Amino acid sequence: MKARVWSTFAAVTAGFMAVALTGCGNDGEPSGDSYTIGLLLPSREVPRYEQFDRPLIEKRVKALCAECHLTYANAGDDVTSQQRQMDSMITKGVGALILDAVDVKALRSSVAAAHEAGIPVVAYDRLAEGPVSGYATFNGATVGKLQGKALLDALGSKAGRSQIVMMNGDPVSPNAGWFTRGTLSVIRGKVKIARSYDVPDYRKSTAHENMASAIAALGPGRIDGVLAANDSIAAGVVSALKAARISPLPPVTGQDADLSAVRRVVKGDQYMTVYKPFRAEADAAAAMAVALRGGQKLEGIARTTVDSPTTKDIPAALLAPVAVTADNIKQTLVKDGVYTIDKICTPELRHACGKAGLTR
């Protein structure tokens, strides 16, 4: 994916009020189910989709267009299911689609079918191929850089003598490659990459198996850090390290700020996660969908353009992620209202939460 101009959420929000005032307007009679926005998410394996993305998008769509409503489908990591779900929404004549594709190439024909039916498609989180009308995501290169920098920080002066294992994301997701390229731009030449694995669908069980293989190949005392692409992968990595009775655990990265991951960070089982303020991403996607279904342009919402393998100059909002360690949970996730301290600090984490400055 090629990006032409970068933007921040501060720039994106300037266009939301205009959308709220004009997005419901339509000069002609509505056809089909044009006041419906379709939301297609890819997975139940990654907690953020059900916990954050769906409710936030639904709430924002309603705030921007009182007459609009959301219809939702989760593909459960099955591309054929997502194709059927998308075809069903196209047949119903929804006003716009927000699509986080299971497989960005395989959904190309469905995106084209929506386009031919006059239904604009907003790519969400992952850039689907085909005639996409808008794109809302976080800067994947920055995500990878934050993970790589955190791992080097954790290794400190020993980095040059250390070897790590890389647990990359789903190979069919363009974001996975984006994350990896960002990471490598930071760590290449500064630490030895002893093993590197892809993790289809970001599955915890696959990450566990891969990590067990790495431990068997390298030895339990020869792994100084693990670059895990997201929190589901980190969970599998940590479970494999514990099963091998490795103590202390090496630093492990993550992404998505899942509640279980935040608790692992507090406990010291996971070194960091990447917080992607989901509200900003959800707001951008909802604003794009509402504007497009009303025949509006995306000026003021998308301040950048990106190229996919099939489509040039796609209007996009590329947002800024944040690295989270035990030291700044309170200043990031708690401050933003993602989790309360009571939610994070279970009774067994009371002491660890005190050390992290979350409780007294």
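If you take the charge dipole of the chain about its Cα centre, with +1 on Lys and Arg Cβ and -1 on Asp and Glu Cβ, which of 208, 80, 302 is farthest toward its positive end?
Going by the Cα projections, it comes out as 208.
Helix-derived [θ] at 222 nm for the chain: sum -39500 (n - 2.57) over DSSP H runs of at least 4, divide by residue count, nearest 500?
One gets -11500 deg cm²/dmol as the mean residue ellipticity at 222 nm.
What whole-number distance in Å separates the alpha-carbon centres of segment 122-178 and segment 284-357?
Taking the Cα centre of each part, segment 122-178 and segment 284-357 sit 15 Å apart.
Separation between the residue 73 and residue 209 pseudo-spin-labels, each 7 Å from Cα along Cα→Cβ, expressed in nm?
With each label point 7 Å from Cα toward Cβ, the separation is 2.9 nm.
Please state the charge dipole magnitude for the chain, taken about the Cα centre, from unit charges on C-beta atoms (+1 on K and R, -1 on D and E), reported in debye and rounded to the nearest 20.
1640
Taking other Cβ within 10 Å of each residue's Cβ, how do 215, 246, 37, 329 sort, fewest first?
246, 215, 329, 37
Amide H of residue 138: which non-local residues (sequence gap of 5 or more, or other chain) have their own amide H closer than 5 Å, using H built in the peptide plane?
Under 5 Å from the amide H of residue 138 lie the amide H atoms of 319, each far enough along the sequence or on another chain.
Within a 10 angstrom radius of the beta carbon, how do 288, 89 rank from fewest other beta carbons to most?
Listed from fewest to most nearby Cβ atoms, that is 89, 288.
Given Cβ point charges of +1 (Lys, Arg) and -1 (Asp, Glu) and nothing else, what value in debye, to the nearest 20, does the dipole of segment 112-217 about its Cα centre take?
Computed charge dipole of segment 112-217: roughly 800 debye.
Just going by the charge dipole of segment 92-162, with Lys and Arg at +1 and Asp and Glu at -1 on Cβ, which of 146, 97, 131 is farthest out on the positive end?
146
Enumerate the calculated ³J(HN,Hα) couplings along segment 62-77 in order (Karplus 6.51 cos²θ - 1.76 cosθ + 1.60, θ = phi - 60°), each rounded to whole Hz, writing x wherever the residue is Gly or Pro.
Working through the residues one at a time gives 5, 5, 7, 8, 4, 7, 8, 9, 10, 10, 10, 8, 10, 7, x, 6 Hz.
We did not get these values from a lab; they are worked out from the coordinates using the rules stated. What you see is a predicted model, and the numbers here were worked out from it, not measured in a lab. Every residue, glycine as well, gets a Cβ built from its backbone with ideal geometry; the counts of neighbours run over all protein chains shown.
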